[in-house]
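These notes are about the structure you will find just below.
The values are calculated or read from the model by the stated rules, or taken from the named source; none is laboratory data. Small disclaimer: the values here were computed from a predicted structure and weren't measured. Using ideal geometry, Cβ is built from the backbone for each residue, glycine included, and neighbour counts are taken over all protein chains shown. Keep in mind that these areas ignore ligands, DNA and RNA; they rest on the heavy atoms of the full protein, side chains included. Shrake-Rupley method; radii C 1.70, N 1.55, O 1.52, S 1.80 Å.
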Amino acid sequence: DNHLQRALDYTSQYCTDNCLLLNVNKTLSINFTSQKTLTIDTYNFNHSEILYATNVRLLGVIFDEHLKFHSYVDRIIDKTKHALHGLIKLRKAGVRSHSLVLFYKARILSVLLYAAPFWFPHTSQNDKVKLERFQKLCTRIMIPYEEEYEERLSLLKLEELNIHLDILCLKYIAKVRDYDDHPCRK
């Protein structure tokens, strides 16, 4: 007998006993694996089959069955393209670099950094290049007259995005290490 199916049966009975409803249409099954091919088991909840997915979204972060984040990196870059156009319009309107940086941090960088300790350590080198290239584009919009990326970063008081993400992840690890009751330590 399958342990997961028994857990689902138990949960179903608990929901019934406590007058709770679980929307099976919003419930997905996913297997996390490093294998290229795998056997997919089917599961049921209240006599309804739970659909199998190769990627899922949890709290806005998309990850696939191999715990890769290609889709998520593409999504956050796409999500910030509207703000990128806003950055272009502000630059054309003559807004100063300092204010453009504030706009960039609020509307673009905040999206790029969301939940980074969860996904960034597992990001491929190609996706890291893609993220850095996007920040390069943003800095070129903010300071179009400066050719060198490093100089634009210095003038804007920004870090390379991948370094910023690495530091953010390291700070989170230190927080987990220093906090005895942190959920990640249990």
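Some points to look at:
- Equivalent ellipsoid semi-axes, the range 147-186, via Cα gyration tensor eigenvalues times 5, rooted, Å: 33, 8, 5
- The accessible-area ordering, largest first, of the residues Ile76, Ile141 stands as Ile141, Ile76, per a 1.4 angstrom probe.
- The range 44-113: equivalent-ellipsoid semi-axes (sqrt of 5 x gyration tensor eigenvalues, Cα, Å): 38, 11, 9
- Count of Lys pairs (Cα-Cα under 30 Å; at least 8 positions apart or interchain) in the range 23-106: 17
- Counting 0.36 nm for each residue step from Cys15 to Tyr114 and taking away their Cα separation leaves a gain of 32.3 nm.
- Karplus-derived 3J(HN,Hα), 6.51/-1.76/1.60, for each residue of the range 166-181, Hz, glycine and proline x: 4, 4, 4, 5, 5, 5, 5, 4, 5, 5, 5, 4, 7, 10, 4, 9
- The packing ranking of peptides 143-152, 125-134, highest mean first, is 125-134, 143-152, where packing means the average number of other beta carbon atoms within 10 angstrom of each residue.
- Convex hull projection area averaged over all views, the chain, Cα basis, nm²: 15.1
- Computed with a 1.4 Å probe over protein heavy atoms only, the accessible surface of the range 28-186 comes to 64 Å² per residue.
- Carbon and sulfur %, accessible surface of the chain computed with the full protein complex present, 1.4 Å: 54
- Taking the longest Cα principal axis of the chain as reference, the axis of helix 3-17 is set at about 80 degrees.
- Over the range 64-167: Rg over Rh, Cα atoms, Kirkwood Rh: 0.98
- Computed on the range 1-104, the Cα convex hull volume stands at 160 Å³ per residue.
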